[in-house]
Amino acid sequence: MDTADRSDAPVIVVLDGPAGTGKSTVSREIASRLGLSFLDTGAMYRAMTHWLLQHGVDVDDADAVALASVKPVIRSGTDASGPTITVDGRDVSGPIRGAAVTAAVSAVSAVPEVRTRLVELQRGSAEAAPRGIVAEGRDMGTVVFPRADLKVFLTASATTRAARRAAQLGVDDPAGIAEILADIERRDAADSGRATSPLAKAEDAVEVDTSEMAPDEVIEHILGLVRERVAAVPSR
Ligand code: DC
């Protein structure tokens, strides 16, 4: 690929990493500052899970999930200033953050047919993005966009991530925090241990440990990486 090709191509920046690293906030802000589209792929797995639960599909029955997964019409609005997620035309941005979906989403996202379908939608979103996209998830750098212009892998210790999640939810009692930590560890194990597209750092990804960093520092650091490494840095 020569320089001329690169400058015309839409920019693709990907952020992968486990839950609670601040991926969503950071990715959205970076997209906004660079004038790029933004895609939260976890929201798509959550939207699929919500639809399956609503339609009485047993999420632990991989065959049933695979069969049903072709049915919901999932659409992601990728405007960084107001991303949206709909299923069959209905806004599901609230319910997909609920406990029922959070408990079931790891099982659903382990089903290969679900991944095939959502990966296709994710690539379609990138193709439709006028200037390029910032996409975040678990397998953006390894599977979905292996030729991304910049790959970042965000990490933070499980205890740091649990403390952040607890603060977001307003939970401050030790038992509540312990429960959040257990849930994070359970999801880490499920996401990293599944056979299809496990959570993994791409070989050419830059790892950023956010344990001791404020969100603004993470954003500035990644914007610095974009300036350093992306040939056609979007101006804005
Ligand atoms: O980022 P999140 O917590 O909203 O993601 C919800 C779940 O979706 C998470 O348990 C792992 C799964 N996921 C995935 O398997 N692949 C992605 N690209 C994004 C999320």
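Using per-residue counts of other Cβ atoms within 10 Å, averaged over each peptide, order 178-190, 146-158, 9-21 from highest down.
Per-residue mean Cβ counts within 10 Å order the peptides as 9-21, 146-158, 178-190.
What is the mean projected area of the alpha carbon convex hull for the chain, to one decimal in square nanometres?
Result: 12.7 nm².
Is it possible to state the helix-based mean residue ellipticity at 222 nm for the chain, with each DSSP H run of 4+ residues giving -39500 (n - 2.57), the sum divided by total residues, to the nearest 500 deg cm²/dmol? What is it?
Computed mean residue ellipticity for the chain: -15000 deg cm²/dmol.
Please tell me the relative contact order of segment 84-229 in percent, rounded to the nearest whole number, where contacts are Cα pairs under 8 Å and at least six residues apart.
The value is 27 percent.
Comparing R90, R131, R161, which has the greatest mean-square fluctuation in the GNM of the chain with Cα pairs linked when under 10 Å apart?
Highest fluctuation among the options: R90.
Calculate, for K71 and E127, the FRET efficiency according to 1/(1 + (r/R0)^6) with r their C-beta to C-beta distance and R0 22 Å; round to the nearest 0.05.
Computed FRET efficiency for K71 and E127 comes out at 0.40.
To make sure I understand the rule: partners must be lysines, Cα under 26 Å from the Cα of K23, and not fewer than 8 residues away in the same chain. Which ones qualify?
Partners within reach: K151, K201.
Sorted by mean Cβ packing within 10 Å, highest first, what order do the peptides 59-70, 98-109, 27-38 take?
Ranking, from highest mean packing down: 27-38, 98-109, 59-70.
Readers should treat all values here as calculations from the given coordinates under stated rules, not as data from a laboratory. What you see is a predicted model; the values in this text were computed from it and never measured. As a convention, Cβ positions derive from the backbone with ideal geometry for all residues, glycine included, and neighbour counts pool all protein chains shown.
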